[in-house]
Amino acid sequence: EMCIRDRYPKERFRERIATLVEKASISLTARDDAGDLIGVGFGITDFAYWLFITDLGVVREWTGRGVGKALVRQMHRIAGGEDEIIMYTCANENATGFYEKLGMVKPDDIYMYNKVEWTDFTVE
């Protein structure tokens, strides 16, 4: 069971996820020795200044074993590396400790425009 994020909008879920996989600047998977999927990471980047991690998910049995950290580090490297690329994400309250352990901090210069009304549901 993999929960990519605690909540996604119910509306057009499969269509939106397919679009994300197809069009994200960076799409990564992590697999175990048997080839089974144990994690995913998606990000959008300009490959010059910034990377926004849109999604990060690890199979529950694999959490705490470095999979998420490896996916984030690889996305950052692909985007251009920590000396060149500022990395952002929107973290739910359950993931803030994870991102803080990676050295990420909450900025005070982010703005959001959101007129979207979503029906929450849990992705499993």
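Throughout, read-outs are computed from the coordinates displayed, never taken from laboratory work. What you are looking at is a predicted structure, and each value in this text was computed from that prediction instead of being measured. When we count neighbours, we look across all protein chains shown, and the Cβ atoms used for this are built from the backbone with ideal geometry, even at glycine.
Looking at segment 63-114, the GluC sites (Glu not before Pro) that sit in a DSSP loop and have at most 11 other Cβ atoms within 10 Å of their own Cβ are Glu93. Largest GNM mean-square fluctuation across Arg77, Arg31, Arg12, computed for the chain with C-alpha springs under 10 Å, falls on Arg12. Legend: residue pairs Lys23/Lys115; Lys69/Lys115; Lys10/Lys101, Cα-Cα distance threshold 25 Å; pairs beyond threshold, Lys69/Lys115; Lys10/Lys101. Note on log10 I(q)/I(0) by the Debye sum over Cα atoms at q = 0.12, 0.14, 0.16, 0.21 Å⁻¹: of the candidates (1) -0.41, -0.56, -0.72, -1.19; (2) -0.45, -0.62, -0.81, -1.31; (3) -0.47, -0.65, -0.86, -1.48, the value calculated from this structure sits at (3). Taking chymotrypsin sites (Phe, Trp or Tyr not before Pro) across segment 30-124, the ones in a DSSP loop with at most 11 further Cβ atoms lying within 10 angstrom of their Cβ are Tyr49, Tyr111, Tyr113, Trp118.
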